[in-house]
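All of the numbers you see were taken from the coordinates with simple rules; none came from a lab. The structure presented is a predicted model; accordingly, all values stated were derived computationally and were not measured. Positions of Cβ are generated from backbone atoms using ideal geometry, with glycine treated the same way; all protein chains shown enter the neighbour counts.
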Amino acid sequence: MKPANPEMVARAIAPDYGLGAHVAPLGLTFSDARMPANYASGAFIGQHGSWNRKDLAGYNVVFVPFANGRPTGRPVEFLGGFVNDKGRAWGRPVGVALDGKGGLLVADDVGNTIWRVAAVR
């Protein structure tokens, strides 16, 4: 922004973890031991996605690994496919929650669907 305000910049609080611009994270749930080992400690984040970018961002669910209660790595796409090859979104993840059997529930407010993703055991 112009003109720059150094006093305000000095008072800014940096986020603990950043996901990037325009992904619109609207849902978050923490995983637990009911999930497969590689997803047992971390956070699932529903990224509603951008509507005002030429190259869409978000439109997926990412997993952020945790150790000792803190993020330890970059977000990894857990569930995608909500944008077709022509760049049109047919779904937008919103809320995410674990069900009682270790599946991840994902509310999709464009597809008017609740998806359940679970490991094959």
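Descriptive notes on the structure:
- Cβ crowding within 10 Å, taken as a proxy for footprinting-reagent exposure, orders Met35, Met8 from fewest neighbours to most as Met8, Met35.
- Trp90/Ala12 FRET efficiency (R0 35 Å; Cβ-Cβ; nearest 0.05): 0.40
- Cβ-based net charge around Val120, under 15 Å, with every Lys or Arg adding one and every Asp or Glu removing one: +4
- 3J(HN,Hα) couplings calculated from phi for the stretch 22-34 with the Karplus curve 6.51 cos²θ - 1.76 cosθ + 1.60 (θ = phi - 60°) are, in sequence order, 6, 7, 6, x, 10, x, 8, 8, 8, 7, 8, 5, 6 Hz; Gly and Pro show x.
- Local charge for Ala67 was computed over the other residues whose Cβ lies under 15 Å away, with Lys and Arg +1 and Asp and Glu -1, and equals 0.
- Fewest neighbouring Cβ atoms within 10 Å first, the residues Val96, Val110, Val9, Val64 line up as Val9, Val110, Val64, Val96.
- Scattering from the chain was approximated by placing one identical point on each alpha carbon and applying the Debye formula without solvent; log10 I(q)/I(0) at 0.16, 0.18, 0.20 1/Å stands at -0.80, -0.95, -1.09.
- Considering only Val61, Thr113, Ala24, and ranking their Cα positions along the charge dipole of the stretch 19-117 that arises from unit charges at the beta-carbon of Lys, Arg, Asp and Glu, the one farthest toward the positive end is Ala24.
- Contour excess over end-to-end distance, with Cα ends at Ala97 and Ala4 and 0.36 nm allotted per residue: 29.4 nm
- Neighbour-count ranking [beta-carbon atoms within 10 angstrom, fewest first] of Glu7, Glu77: Glu7, Glu77
- Net charge, Val94 excluded, C-beta distance under 14 Å - Lys, Arg +1, Asp, Glu -1: -1
- Vicinal HN-Hα couplings computed from phi for the stretch 99-112 (Karplus, 6.51 cos²θ - 1.76 cosθ + 1.60; Hz; Gly/Pro x): 8, x, 10, x, x, 9, 9, 10, 7, 10, 7, 9, x, 6
- Approximate spin-label separation Asp32-Trp51, in nm, with each point projected 7 Å along Cα-to-Cβ: 3.5
- Of the chymotrypsin sites (Phe, Trp or Tyr not before Pro) in the stretch 4-72, those whose Cβ has at most 14 other Cβ within 10 Å and which sit in DSSP loop: Tyr17, Trp51
- Point-charge dipole on Cβ atoms (K/R +1, D/E -1) for the chain, about Cα centre, debye to 20: 140
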